[in-house]
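The values are calculated or read from the model by the stated rules, or taken from the named source; none is laboratory data. All figures in this text were calculated on a predicted structure; none of them were measured in a lab. All Cβ positions, even for glycine, are placed from backbone atoms using ideal geometry, and neighbour counts span all protein chains on display.
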Amino acid sequence: MAIQLRERIRTEKKTAALAACDVSKAFRPTRGIPGGGTTVRAVDCVSLSVWRGEIYGLLGANGSGKSTLIRLFSTLLTPDAGSVSVFGLDIERDELAVKRLINRVSVEASFFKKLSAMENLVYAGRLYGVSADETRPKVVAILRRLGIEDARMKEPLEKLSRGMQQKVAIARAFLTTPMLLLLDEPTTGLDIRSKREVQTFVRDLRDEHDATILLTTHDLDEAARLADRIGILHQGRLVAEGTPAELAARHGGGTLEDVFMTLTGRRIEEVDEAGGPAA
């Protein structure tokens, strides 16, 4: 069924890889804990569509709701209201079928740190029903492309840098050749060279493997470099959407930073420092 669905999707000219309609999510205080806090509306009535083959960037400061949206789209959270579909499949009714089409990279990926990158990725492949013999050459090709030398693939993951570990996380997500790849701030904390290598790999995934990519970031330069279209999130709401050129033209010209300041009244770094109500 999954193979037939993939083939049907590939033959359609314009397909909504992801469609969200009026999605909301709130986090309520824990019961029984004095002073447990107030309800936080992390995502507030968000609607958007991501087309097949597109790189869509969700741009927003820390606390704007980006990671909550990614968790909703990846079926890790259930929306309080609204609906989400992936290639026409409802994420709640068709959860298992959706999971076969997607994969996700988070800013804090989990691994078996005593095992090597190769061992972690071979294990991941086995979880998806792919044999070790089939996984190993694929792992080597992906990690080489991400700038990781062969010798380092055999070192315990705990000895690899933060940047290298994040590259391994991206390799793990791509092992399943997902139709929709959800990247939650994949370059946060990376040095400039590692960031550029990851960004190049993301573009290549789209261009060479017919992948659709939803990327969350608070890096204005990264959004401009990678995204075909950008949605700007502020306090859980989608306040603007369009290509970088469209956003600039619609909001007085200038850079993405100018657009962000026009829409929120603050620079993105200032919002990051102050924090926000959304997750």
From VAL98, VAL43, VAL122, residue being under 26 Å from SER161 (Cα atoms) and of a type in the set (A, V, I, L, M): VAL122
Residue check, ALA151 outside any strand (DSSP E or B), within 17 Å of the chain's Cα centre (by Cα) and more than 18 Å from LEU226 (Cα to Cα): no
Answer from ARG193, ARG145 - the residue that is among the basic types (Lys, Arg) and within 22 Å of GLY125 (Cβ to Cβ): ARG145
Identity of the residue in segment 142-163, in contact with a strand residue (DSSP E or B) (Cβ under 8 Å, 6 or more places away or on another chain) and among the charged types (D, E, K, R), that ends up surrounded by the fewest Cβ atoms within 10 Å (Cβ to Cβ): LYS154
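Limited to segment 74-88, what total is found for residues that are surrounded by fewer than 24 Cβ atoms within 10 Å (Cβ to Cβ) and in contact (Cβ under 8 Å) with a residue 60 or more places away in the chain?
7
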Selection within segment 102-141 - surrounded by 14 or more Cβ atoms within 10 Å (Cβ to Cβ), closer than 11 Å to ALA169 by Cα and free of Cβ contacts under 8 Å to residues at least 60 places away in the same chain: PHE111, ALA117, ASN120, LEU121, ALA124
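Results for (1) modelled with pLDDT of 90 or more; (2) under 16 Å from LEU181 (Cβ atoms); (3) of a type in the set (D, E, K, R), shown as yes or no for each residue.
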residue	(1), (2), (3)
HIS209	no, yes, no
THR212	yes, yes, no
LEU238	yes, no, no
THR243	yes, no, no
GLU246	yes, no, yes
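Here is a yes/no grid of residues against (1) part of a loop (DSSP other than H, G, I, E, B); (2) farther than 23 Å from HIS234 by Cβ:
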residue	(1), (2)
GLY57	no, no
PRO79	yes, no
SER85	no, yes
VAL98	no, yes
LYS114	yes, yes
VAL122	no, yes
GLY125	no, yes
Tally of residues being closer than 22 Å to SER49 by Cβ and not in a helix (DSSP H, G or I) across segment 187-227: 9
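Residue-wise test of (1) modelled with pLDDT of 80 or more; (2) assigned by TED's automatic domain parsing to the domain that holds HIS234; (3) out of contact with any strand residue (DSSP E or B) (no Cβ under 6 Å at 6 or more places or on another chain); (4) hydroxyl-bearing (Ser, Thr, Tyr).
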position: THR11; (1), (2), (3), (4): no, no, yes, yes
position: LYS25; (1), (2), (3), (4): yes, yes, no, no
position: VAL43; (1), (2), (3), (4): yes, yes, no, no
position: GLY60; (1), (2), (3), (4): yes, yes, no, no
position: GLY63; (1), (2), (3), (4): yes, yes, yes, no
position: ALA81; (1), (2), (3), (4): yes, yes, no, no
Residue check, VAL122 modelled with pLDDT of 90 or more and outside the structural domain of GLU241 (by TED's automatic domain parsing): yes
Residue in segment 169-179 that is of a type in the set (Phe, Trp, Tyr), out of contact with any Cys (no Cβ under 6 Å at 6 or more places or on another chain) and within 17 Å of ALA117 (Cα to Cα) present: yes
Where ASP184 falls short, out of the listed (1) crowded, with 19+ Cβ neighbours inside 10 Å; (2) farther than 20 Å from ALA124 by Cα; (3) acidic (Asp, Glu): (2)
Options ASP210, ASP221; residue that is touching a Leu at 6+ places or on another chain (Cβ under 9 Å) and surrounded by fewer than 15 Cβ atoms within 10 Å (Cβ to Cβ): ASP221
Scope segment 51-72; condition in contact with a helix residue (DSSP H, G or I) (Cβ under 9 Å, 6 or more places away or on another chain) and buried (at least 21 other Cβ atoms within 10 Å of the Cβ); matching residues: ILE55, GLY57, LEU58, LEU59, GLY60, ALA61, GLY63, SER64
